[in-house]
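Working notes, beginning with the structure itself.
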Amino acid sequence: MKILASFLLLAATLAAADLTGNWVIAQPQGDGTSRRTYLNLKQDGQQVAGTIRITQFYYTIKESSGGPESFTLIAAMMDGHSERRVTYQVRLAGDELHVTTTIRGGAPGPDMVAHRAPAGEGAYPARIAPPALHKVPANSLAKTPPMGWNSWNKFHGRVDDASVRGIADAMASDGMKAAGYLYVNIDDTWQGERDAAGNIRSNQKFPDMKALADYVHGKGLKLGIYSSPGPNTCAGYEGSYGHEAQDAKTWAAWGIDYVKYDWCGARNIYTDEEMQAVYQKMGDALHAAGRPIVFSLCQYGRADVWKWGPEVGGNLWRTTGDISDRWPSMLGIFDKQVDLAPYAAPGHWNDPDMLEIGNGGMTDAEYRTHMSLWSILAAPLLAGNDLRDMPSPVLDILTNREVIAVDQDALGKQGRRLSQSGDQEIWIRDLSGGAKAVVLLNRGADAARMTLKWSDAGVRGKPKVRDLWARQDVAAGGPEFSATVPSHGVVMLSFR
Ligand code: GLA
């Protein structure tokens with residue numbers, strides 16, 4: 001009798017403590033959308049299986065422990081050739097499921113509450129087979145590296161219609177536009193939900209994209225936007241998966257001039273080997289939409305994108321992971337460009353990511369270095385700071401016409417490393433008309449005397465030399481040129 005009673009109690013407890021079902025955590029984002037996490041769980045006694053979908057990620061539960069009401073779940077997914085793992089703690093309390101994630105082996109994150117959701121809601125979409133490969137016709141844009149501004153580095157999710165208009169106003173009037181900056185690019189978090197016909201809509205932060213495009217065009221500038229080939233963007237907003245042609249048409253109708261297309265949620269559906277076909281799909285869609293739109297590939301330099309970027313109609317492609325506003329991040333990205341010079345040419349560029357100049361994490365000398373290195377690389381120059389509120393030294397760095405002229409040189413040849421010795425490096429770039437530019441870079445903690453032999457730079461005789469930051473002609477010296485280069489600084493020259 002006693003045994004039966006305890007058995008019944010245990011059975012009742014297990015039945016009551018069942019996590020089986022579809023659960024959703026909905027966190028409002030202040031723009032009419034919610035960040036939604038779906039836990040689709042199946043409890044079998046002391047075991048829990050199922051999937052967890054959060055922002056751009058879709059995990060399968062691999063291990064569970066604990067029970068009957070509190071579990072530790074270890075979930076995993078493949079991301080290219082590597083596996084991502086995440087640990088969740090879940091606890092059933094009445095009608096609620098309390099969820100915490102352990103972030104990078106550290107302390108548990110905040111307590112989140114999931115509620116039961118209808119079966120099938122938030123289910124991951126089925127795979128659409130990628131198309132066969134072919135060449136997308138070139139769009140004849142970006143003959144020199146694109147210049148402009150992008151919202152992400154400074155604003156992240158805080159970008160909205162008013163800030164974009166303010167940036168366009170500033171860019172048009174403060175010398176940025178006059179120096180060549182043209183594109184005003186909205187990054188992630190502008191997206192709302194699709195309408196019943198599947199058309200993408202902007203969220204409450206952007207009440208009318210067409211009106212915003214008209215406004216930006218009225219300033220003589222161009223407007224850019226952002227999406228992903230996956231169902232979700234990196235920030236978890238709506239991506240273009242299965243809506244590529246429709247979205248390209250919508251953007252064209254709004255008057256969009258530039259699209260950054262970020263791999264993000266596509267990682268759950270496609271392998272790195274399929275990236276080219278997936279990007280080709282949007283390249284075709286933009287071509288068919290019939291409006292000149294710069295196509296910016298963002299997949300962090302995976303799958304040797306520089307070898308196939310032009311095939312899919314790409315005008316630029318990111319070569320690395322995200323930059324941050326710190327000297328080691330900027331230099332670490334720069335170092336990864338060393339072998340990529342052969343892949344840059346008018347119409348398609350290596351993109352070492354947006355500028356951090358003016359965001360506060362580096363000194364002015366370091367920001368001058370950032371500007372010089374990006375220019376010797378023929379990199380896109382997309383300012384990433386708040387142009388509405390920019391101290392004059394920052395504006396001076398971003399608008400140095402002589403440095404920009406190197407970046408924008410019509411020959412379109414990316415610079416290469418000429419020599420390296422300890423913390424000192426010399427980079428050289430061929431310019432049109434037989435001219436050249438060099439950057440003398442000093443990574444060291446102390447100022448350093450650096451010397452360029454004119455014969456190493458391919459110069460015979462005495463060149464005419466210009467110091468691009470001092471903005472003055474300088475003496476070529478004898479067979480070599482010497483200068484003291486400040487710590488973390490550069491001397492940048494052009495000569496012919
Ligand atoms: C990725 C990209 C960034 C930015 C964010 C937005 O991390 O590499 O440049 O677009 O997504 O979520």
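Return yes or no: is Arg302 open to solvent by 40 Å² or more (accessible area, probe 1.4 Å), closer than 18 Å to Trp349 by Cβ and under 15 Å from the mean Cα position of the chain (by Cα)?
It is true that Arg302 is open to solvent by 40 Å² or more (accessible area, probe 1.4 Å), closer than 18 Å to Trp349 by Cβ and under 15 Å from the mean Cα position of the chain (by Cα).
Consider Arg429 carefully, then state whether it is at pLDDT 95 or above and open to solvent by 20 Å² or more (accessible area, probe 1.4 Å).
The answer is no for Arg429.
Taking segment 60-83, which residues are touching a helix residue (DSSP H, G or I) at 6+ places or on another chain (Cβ under 9 Å) and assigned to a strand (DSSP E or B)?
Met77, Met78, Asp79
Output the residues belonging to segment 445-463 that are part of a loop (DSSP other than H, G, I, E, B), open to solvent by 20 Å² or more (accessible area, probe 1.4 Å) and either closer than 23 Å to Met371 by Cβ or of a type outside the set (D, E, K, R) (or both).
The answer is Ala445, Asp446, Ala447, Ser455, Gly458, Val459, Gly461.
Tell me yes or no: at least one residue of segment 267-279 is aliphatic (A, V, I, L, M) and free of Cβ contacts under 8 Å to residues at least 40 places away in the same chain.
yes
Among all residue pairs at least 6 apart or on different chains, which show Cβ distances below 6 Å where the first residue, located in segment 108-129, is free of Cβ contacts under 8 Å to residues at least 60 places away in the same chain and the second is in a strand (DSSP E or B)?
From residues that are free of Cβ contacts under 8 Å to residues at least 60 places away in the same chain, the pairs are Pro108/Thr100; Pro108/Thr102; Gly109/Thr100; Gly109/Thr101; Asp111/His98; Asp111/Thr100.
Give Pro292, Pro310 a once-over and let me know the one that is in contact (Cβ under 8 Å) with a residue 24 or more places away in the chain, out of contact with any Gly (no Cβ under 8 Å at 6 or more places or on another chain), away from the ligand (no atom under 15 Å from the Cβ) and not polar (S, T, N, Q).
Only one candidate passes the filter, namely Pro292.
Can you find even one residue in segment 251-259 that is under 28 Å from Arg158 (Cβ atoms), in contact with a helix residue (DSSP H, G or I) (Cβ under 9 Å, 6 or more places away or on another chain), in contact (Cβ under 8 Å) with a residue 12 or more places away in the chain and in a strand (DSSP E or B)?
Yes.
Is it true that some residue in segment 411-425 is over 25 Å from Leu452 (Cα atoms), surrounded by fewer than 17 Cβ atoms within 10 Å (Cβ to Cβ) and either among the aromatic types (Phe, Trp, Tyr) or out of contact with any Phe, Trp or Tyr (no Cβ under 9 Å at 6 or more places or on another chain) (or both)?
No.
Hey, among the residues in segment 103-123 that are surrounded by 15 or more Cβ atoms within 10 Å (Cβ to Cβ) and in contact with a Ser or Thr (Cβ under 8 Å, 6 or more places away or on another chain), which one's farthest from Arg53 (Cα to Cα)?
Looking at residues that are surrounded by 15 or more Cβ atoms within 10 Å (Cβ to Cβ) and in contact with a Ser or Thr (Cβ under 8 Å, 6 or more places away or on another chain), I get Met112.
If you check Ser140 against the conditions, is it of a type in the set (Ser, Thr, Tyr), exposed (fewer than 12 other Cβ atoms within 10 Å of the Cβ) and within 30 Å of Met209 (Cα to Cα)? So that I can check it myself, show each step before the final result.
Working: of a type in the set (Ser, Thr, Tyr): yes; exposed (fewer than 12 other Cβ atoms within 10 Å of the Cβ): yes; within 30 Å of Met209 (Cα to Cα): yes.
When the stated conditions are applied, Ser140 passes them.
Taking the condition of being touching a residue at least 60 places away in the same chain (Cβ under 8 Å) and in a helix (DSSP H, G or I), how many residues in segment 406-437 meet it?
Of the residues in that region, 4 qualify.
Kindly evaluate Pro137 against the criterion of being within 16 Å of the ligand (Cβ to nearest atom) and under 25 Å from Pro292 (Cβ atoms).
It is false that Pro137 is within 16 Å of the ligand (Cβ to nearest atom) and under 25 Å from Pro292 (Cβ atoms).
All but one of (1) open to solvent by 10 Å² or more (accessible area, probe 1.4 Å); (2) within 16 Å of the ligand (Cβ to nearest atom); (3) not polar (S, T, N, Q) hold for Pro380; state the number of the condition that does not hold.
It is condition (1) that Pro380 fails.
Any residue that is more than 21 Å from the chain's Cα centre (by Cα) and β-branched (Val, Ile, Thr) - is there at least one of those in segment 325-348?
no
Which of the residues spanning segment 315-333 are touching a Gly at 6+ places or on another chain (Cβ under 7 Å) and either touching a residue at least 60 places away in the same chain (Cβ under 8 Å) or more than 11 Å from the ligand (Cβ to nearest atom) (or both)? Step through it out loud before you land on a result.
Our first condition is that a residue be touching a Gly at 6+ places or on another chain (Cβ under 7 Å); within segment 315-333, this holds for 315, 317-320, 325-326.
Hits for segment 315-333 are Asn315, Trp317, Thr319, Asp325, Arg326.
Enumerate the pairs (first residue in segment 167-185 and within 20 Å of Ile256 (Cβ to Cβ); second residue anywhere and acidic (Asp, Glu)) with beta-carbon separation below 9 Å, excluding pairs fewer than 6 apart on the same chain, so at least 6 apart or on different chains.
Qualifying pairs under 9 Å: Ile167/Asp386; Leu182/Asp257; Tyr183/Asp257.
Would you confirm, using the coordinates I've provided, whether Asp409 is under 23 Å from the mean Cα position of the chain (by Cα) and at pLDDT 95 or above? Quick ask: steps written out before the conclusion?
Details: under 23 Å from the mean Cα position of the chain (by Cα): no; at pLDDT 95 or above: yes.
So Asp409 fails the test.
Looking at segment 161-172, can you tell me whether even one residue there is under 24 Å from the mean Cα position of the chain (by Cα), within 16 Å of the ligand (Cβ to nearest atom) and among the acidic types (Asp, Glu)?
Checked against the condition, which is being under 24 Å from the mean Cα position of the chain (by Cα), within 16 Å of the ligand (Cβ to nearest atom) and among the acidic types (Asp, Glu), segment 161-172 yields no hits at all.
Kindly provide the set of residues from segment 55-77 that are without any contact (Cβ under 8 Å) to a residue 40 or more places away in the chain and touching a Ser or Thr at 6+ places or on another chain (Cβ under 9 Å), ordered by number.
Selection gives Tyr59, Thr60, Ile61, Glu63, Ser64, Ser65, Gly66, Thr72, Leu73, Ile74, Ala75, Ala76.
Please determine, by comparing only the residues of segment 220-241 that are in a strand (DSSP E or B) and open to solvent by less than 10 Å² (accessible area, probe 1.4 Å), which one is nearest to the ligand (Cβ to nearest atom).
Among those that are in a strand (DSSP E or B) and open to solvent by less than 10 Å² (accessible area, probe 1.4 Å), it is Tyr226.
Given the structure, is Ile256 more than 14 Å from the ligand (Cβ to nearest atom), at pLDDT 95 or above and surrounded by 24 or more Cβ atoms within 10 Å (Cβ to Cβ)?
So Ile256 fits the description; yes.
What are the pairs, 6+ residues apart or on separate chains, where a residue within segment 138-159 that is under 30 Å from Leu431 (Cα atoms) has its Cβ under 7 Å from a residue that is open to solvent by less than 10 Å² (accessible area, probe 1.4 Å) and of a type in the set (Asp, Glu)?
Pro145/Asp407; Asn150/Asp187
From the list Gly166, Gly175, which residue is small (Gly, Ala, Ser), in contact with a helix residue (DSSP H, G or I) (Cβ under 9 Å, 6 or more places away or on another chain) and open to solvent by 10 Å² or more (accessible area, probe 1.4 Å)?
Values: Gly166 fails: in contact with a helix residue (DSSP H, G or I) (Cβ under 9 Å, 6 or more places away or on another chain).
After applying the criteria, what remains is Gly175.
The values are calculated or read from the model by the stated rules, or taken from the named source; none is laboratory data. Every value quoted in this text rests on a predicted model; they were computed, and no experiment measured them. All Cβ positions, glycine included, derive from the backbone under ideal geometry; neighbour counts span all protein chains shown. Side chains are part of the model used for accessible areas, which takes the heavy atoms of the whole protein and leaves out ligands, DNA and RNA. Shrake-Rupley method; radii C 1.70, N 1.55, O 1.52, S 1.80 Å.
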